[in-house]
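Asker: Here's a structure for you.
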Amino acid sequence: MRSALILSTIVMLAGCARSDDVTRPPPTPASVTVSVTGTDPMTSAGDTQALTAVVKAANGSAIPAPPVAWRTSSPSVATVSASGASATVTAVDDGTAIITAASGSAEGAIRVTVRRKLVAIELSGPDSMIAGDSAQLTVVGRDARQHLIAGLTDVVFTTTNPFSVLVFPDGSATALFSTFSPFSSIITAIVTRDGTTLSTQKRIDVTSPTPDAFDLAALMLPEAVRPEPVIGLGQGIIFLTRDEDRVEFKMLWSSLTSRPIGAHLHGPDGSDGVADILVDLPLGTQTATNGVLTGSFAAADIRPQSGRPPVSVDSLVTLAGRGFVYVDLHTPGFRDGEMRGSVTGIR
């Protein structure tokens, strides 16, 4: 009987010890509050801000060392890396992102803003261009960490020499044929952002449009127009190359008063310096006061003169080589020609 009593007492004591060791379940997260070290926008890619999440139970007490999962609504604007209730948000590009901390079914969020500040801009494009060619200039920015800022808007472009290089609001540049030196221009790009104005410059040299090989050429100027010279800034040049039964041509013009509407070869000169049209040089539809055109013509394109049969390609080339042919370019305001030049052969 005594033994049974002792055994019963031991069992009861053992049961009491086990009930004290039972682990209580952790409190259920009821709310999450996220705080950030700074409220100003991050101004460079790579800038960081520290975040802290405070998780509370339903009774309002803070839960120590709670499990927290972090996410960003826009990884292209800001990324987030975390260790428990602490996190670091890193700027990527301009915009806003919502950073969310979740613990169980409870969530808290905060908005972060990236507004990268320009500290410098860069202008890229060709160092030289052949007269008549066009190219696209590009402007990019740099933030304080020297990270690239692309897609800049409202860039203003200027050129120091519009007789050599024209630059347009979209950043496209056109090299012009010109007899006026210097044959170059300094292009300036200006950007104003957040009250700060930045500028940068680039020099573009204009090289000759002369083909590797040609047989005839003519420089076209307003003062060469006959019977009355024209006062103007227009300039042009044409290169003619014999290619078996055809004549290839390359013509450039710039600084006209308006778009060209016609171009011709004339000859031979009359007493007043005006001759009949030998060949129409097809311009197509032109809309600009500067341009470059290539084409060709054959014997069938040569017009008859004064009721006589048209001359052959050989005869036309011979006449031109002896200085008996001229070329002119017509515009709406100068239907008799705004520019003219005598064709000469290569000696």
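Nothing in this text is a laboratory measurement; each read-out follows from the coordinates by a stated rule. For clarity, every value in this text was computed on a predicted model and none was experimentally measured. Cβ sites come from the backbone with ideal geometry, for glycine too, and all protein chains shown count toward neighbours.
Asker: What residue among Ala69, Ala58, Ala101 shows peak mean-square fluctuation when the chain is described by a Gaussian network model with Cα springs under 10 Å?
Answerer: Ala58
Asker: State the extension gain, in nm to one decimal, for the chain segment bounded by Thr138 and Thr257, taking 0.36 nm per residue of separation less the distance between their alpha-carbons.
Answerer: 39.9 nm
Asker: Separate question: Please compute the net charge surrounding Asp280, taking Lys and Arg as +1 and Asp and Glu as -1 over other residues with Cβ under 10 Å from its Cβ.
Answerer: Once positives and negatives cancel, what remains is 0.
Asker: By the gyration tensor of its Cα atoms, with a ≥ b ≥ c the square roots of the eigenvalues, what is the shape of segment 29-114: rounded for a/c under 1.5, prolate for a/b over b/c, or oblate?
Answerer: In terms of gyration-tensor shape, prolate.
Asker: If you average the alpha carbon positions of segment 127-168 and of segment 225-248, how far apart do those two centres end up, in angstrom?
Answerer: Using only Cα atoms to place each centre, the spacing works out to 32 Å.
Asker: Note down the net charge around Asp94, summing +1 for each Lys or Arg and -1 for each Asp or Glu among other residues with Cβ under 13 Å from its Cβ.
Answerer: 0
Asker: Run the helix sum for the chain: -39,500 (n - 2.57) per DSSP H stretch of 4+ residues, divided by residue count, reported at 222 nm to the nearest 500 deg cm²/dmol.
Answerer: Calculated from helices alone, the mean residue ellipticity at 222 nm is -2500 deg cm²/dmol.
Asker: If you don't mind, there's one more thing I want to ask. Take the chain, connect every pair of alpha-carbon atoms lying under 10 Å apart with a spring to form a Gaussian network, then pick out the residue of Gly234, Gly60, Gly171 with the largest mean-square fluctuation.
Answerer: Judging by the Gaussian network model, the answer is Gly60.
Asker: Also, quick follow-up: From the Cα gyration tensor of segment 122-247, with a ≥ b ≥ c the square roots of its eigenvalues, which class applies: rounded if a/c is under 1.5, or else prolate if a/b is larger than b/c, or else oblate?
Answerer: The shape class here is prolate.
Asker: Still on this structure, I have one more. I need the peptides 70-80, 299-309, 24-34 ranked by packing, meaning the mean over residues of other C-beta atoms within 10 angstrom, with the highest value on top.
Answerer: 70-80, 24-34, 299-309
Asker: In the neighborhood of Ile302, defined by Cβ-to-Cβ distances under 12 Å, what is the net charge if each Lys or Arg adds +1 and each Asp or Glu adds -1?
Answerer: -2
Asker: GNM on the chain, C-alpha springs below 10 Å: top fluctuator among Gly295, Gly270, Gly132?
Answerer: Fluctuation is largest for Gly270.
Asker: Restrict the search to segment 280-345; then list the trypsin sites (Lys or Arg not before Pro) that DSSP places in a loop and that have at most 15 other Cβ atoms within 10 Å of their Cβ.
Answerer: Arg322
Asker: What whole-number distance in Å separates the alpha-carbon centres of segment 174-213 and segment 253-290?
Answerer: 29
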